[in-house]
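One structure is given below, encoded as structure tokens.
Each value in this text was obtained by applying a stated rule to the coordinates, not by laboratory testing. This structure is a prediction, so every number in the text was calculated from the model and none was measured. All Cβ positions, even for glycine, are placed from backbone atoms using ideal geometry, and neighbour counts span all protein chains on display.
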Amino acid sequence: MSRVLLLQGNEACAEGALYAGCTFFAGYPITPSTEVAEYLAKKLPQIGGAFLQMEDEIAAMAAVIGGSLAGRKALTATSGPGFSLKQENLGFAMLTEIPCVVVNVMRGGPSTGVPTGPGQSDIMQCRWGTHGDHPVICLTPAYVQEIFTETVRAFNLSEKYRTPVILAFDEIVGHMRERIEIPEPGALQVTGRPKPQCPPEEYLPYDDRKGDVPPMANFFEGYRFHVTGLNHGPDGFPVNASPRIHTDEQRLLRKVESNRAEIVRYEEHRLEDAEVAVFAYGVCGRSAKTAVETARAEGIRAGLFRPLTIWPFPEAQVASLSARVKKIVVPELSLGQIVHEVERCAKGRCPVEGIFRVDGDPITPAQIVDRIKEGR
Amino acid sequence: MAFDYGRYIRPGKLPHIWCPGCSYGMVFKALLRAVDSQKIDRNDIALVSGIGCASRLPGYVDFNTLHTTHGRALAFATGIKMAKPDKHVMVVSGDGDATAIGGNHFIHACRRNIDITLLVFNNFIYGMTGGQYSPTTQTDRFATTMPYGNVDSPFNIPELAKGAGASFVARGTAYHAAALDKLIIEAMRHKGFSVLEIINACPTTFGRRNKFRSPTDMLLWMKDTFVPEEAFRKLPPEKTEGKLPMGILYRREDAKEYCETYYSLVERLRKQT
Ligand SMILES: Cc1ncc(C[n+]2csc(CCOP(=O)(O)OP(=O)(O)O)c2C)c(N)n1
Ligand code: SF4
């Protein structure tokens, strides 16, 4: 039987994690993400899971990687400054291909910024925050129900592709309460990591001969192996031979890039005959949907493209959209980050106009409607 | 019969990166002897490290091994231990790794009293980056970043560990090899967080700048400086000048271990529902 609940976005995220089989959380409190930890602090011990409040975000990220390597599905949740602290170890998980989910409930910045207000200005930090080259999967739900399903999806993608997955939503949806339906166990697909079939003596933790995602053994399962944040060969030991490093980092990119069809998810709303498109994610996507309806009621053919996966960026979709519409409007809670990605993909086929706001208030539907109408 | 180190060393992973004259190899061997004597299935051991010369050790040994980021080994290890409380988790760290960048994790692991064995390889210097001073470099010693003599005051690692709540605190040296085996064994057997500081010689970046003309000079300095704890206690104050105690310096068996406490809470909750 499914359960119907009235939950905050942050709580829905915790429920999504539990549904996906998460039994390990390590974190450090920071507004506006704290409720994810608080909810799991209550639930995890009840089901035999591990909950750790670590001494800081760096430690929390490290503990999550350790927990995952020892076989648990693991989660951490944070916001702005805490997300910055996690970056070095997040990069470690990228290179060592250890699954885990990192939630960033975005608030205003830079620095301590507007801790209780929404923001989307970490979206480039989600992509490029850590050092070195690596792919990123980052999901951007906008509704409480969607936070639940996307959290489940984040775990699935993370396990399937052996990579950390970032879930980035803003303070408003994190704190908003909405009715949500939690499906009965089994109704949503839940996947685990690809496991080795070979005898332990033959196991190579980074063997790419059979595909871009090598099977993953956990510690203590009889497959003794080495994990290092140094560039490594198929056996997990450091190499500094140039061709190997290059091809291995390309493989990391490829395992995400070549699976875009599965990873990139988005909602299209009334775009079939649209003249003006709004590209918006998270809370801006909600305002944009209302704006599109208002514009339509006034006879303007507007439509919405709302990405649920922001990284990898829906490049092909935005490219084709830009060829069909007269302009794309991009509302975002920053002074202009994602708008440049949209511009990059539109390649001048149509104008791209941003609406930016960083004062801790959301962008209203009326602001978006005005921009849709402008210049017509 | 001679001890067969080869049984634990991963084929093809030697030679190690350590310099000639570095005492890390001696400590590495002590670690293998100690683990061997414990008869623990090597599948059940995780050996975790951060970054530094000391932290390269896990690469050579055939356990579940994890070489992490600088200073963070204890935090990774805490995650592993909480996920699998019945397994043996050990950490090797340098003095910089454990007490500078990793200082926060160090004191909190002590406070939590989680059942992890930490070996801090203290060579009083940052070896891997070429000899910058560390939080344990003695005042007036020389380092690349203290070219006029160290003006900073050092940490005393055992005192720091004890103050932060570790339930087992010990000190050994690379020179006192037989005693070191026993200390590693005692640290491993202790249920709770164990800190074992191991005094080491880095002739390359420390010795050279600090008037130790050879690696042997550094070992002889250890011989002269470190006195077994019982003997140290009996020394008259004027004779303790320039000396330091070694052995088990502090032990508390009654302290609650973290995982045990947490999972007994889990048990209690499960009975209620
Ligand atoms: C975040 C970060 N900062 C700095 C470094 C550079 N670094 C590598 S090893 C090291 C110090 C190692 O000294 P210690 O921990 O005492 O170990 P030893 O090499 O002496 O065994 C430093 C500063 C790093 N790898 N990561
Ligand atoms: S630099 Fe020092 S600590 Fe590092 S391997 Fe060489 S002698 Fe040993």
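Annotations
- Rh (Kirkwood; distinct C-alpha pairs) - the protein assembly as shown, Å: 26.5 Å
- 0 to 90° range, to nearest 10: angle between helix B:24-37 axis and chain B longest Cα axis: 30 degrees
- Assuming charge only on the beta carbon of Lys and Arg (+1) and of Asp and Glu (-1), the dipole of the range B:87-188 about its Cα centre is about 220 debye to the nearest 20.
- Alpha carbon centroid spacing (whole Å) that separates the range B:84-126 from the range A:71-104: 21 Å
- Amide H within-cut-off set for A:THR78, under 5 Å, with H built and near neighbours excluded: A:VAL103, A:ASN104, A:VAL105
- Nearby lysines by direct alpha-carbon distance to A:LYS326 (threshold 17 angstrom, same-chain neighbours under 8 apart not counted): A:LYS347, A:LYS373
- When the square roots of the Cα gyration tensor eigenvalues are ordered a ≥ b ≥ c, the ratio a/c for the range B:4-86 is 1.5 or more and a/b does not exceed b/c, which makes its shape oblate.
- Cα gyration tensor shape of the range A:291-376, rounded if a/c is under 1.5, else prolate or oblate by comparing a/b with b/c: oblate
- Where labels lie 7 Å past Cα in the beta-carbon direction, separation of A:LEU188 and B:LYS234 in nm: 6.9 nm
- Among A:ASN156, A:ASN218, A:ASN259, residue whose mean-square fluctuation peaks in a GNM of chain A (springs only between Cα atoms under 10 Å): A:ASN259
- Placing +1 on the Cβ of every Lys and Arg and -1 on the Cβ of every Asp and Glu, with no other charges, gives the protein assembly as shown a dipole of roughly 820 debye about its Cα centre.
- Listed by Cβ neighbour count within 10 Å, with the fewest neighbours leading, A:ILE180, B:ILE248, B:ILE125 appear as B:ILE248, A:ILE180, B:ILE125.
- Listed by chain and number, the aspartates and glutamates placed with their C-alpha closer than 12 angstrom to that of B:LYS256 are B:ASP115; residues fewer than eight positions away on the same chain are left out.
- Projecting the Cα atoms of B:PRO228, B:GLY163, B:MET146 onto the charge dipole of chain B, computed from C-beta unit charges around the Cα centre, puts B:GLY163 farthest toward the positive end.
- Between B:LEU196, B:LEU66, B:LEU235, the Gaussian network model of chain B with springs among Cα atoms under 10 angstrom shows the greatest mean-square fluctuation at B:LEU235.
- A:LEU6 versus A:THR290: modelled label distance in nm, points set 7 Å from Cα along the beta carbon direction: 2.0 nm
- Charge sum, other residues only, whose C-beta stays under 13 Å from B:ALA30's C-beta, Lys/Arg counted +1 and Asp/Glu -1: 0
- Cβ crowding within 10 Å ranks B:VAL169, A:VAL36 as B:VAL169, A:VAL36, fewest other Cβ atoms first.
- Springs between Cα atoms under 10 Å define the GNM used for chain B, and in it the highest mean-square fluctuation of B:PRO245, B:PRO20, B:PRO85 occurs at B:PRO20.
- Listed values for the range B:116-129 are Karplus-derived 3J(HN,Hα) couplings in whole Hz (6.51 cos²θ - 1.76 cosθ + 1.60, θ = phi - 60°), namely 10, 9, 10, 10, 9, 7, 9, 10, 6, 7, 8, x, 4, 8, and x replaces Gly and Pro.
- Sorted from longest to shortest, the spans of the Cα atoms of the range B:110-207 along the three principal axes equal 44, 29, 19 Å.
- Sorted ascending by nearby beta carbons within 10 Å, beginning with the fewest, A:PHE225, B:PHE142 become B:PHE142, A:PHE225.
- The range B:208-261 versus the range A:219-253: alpha-carbon centroid distance in Å: 39 Å
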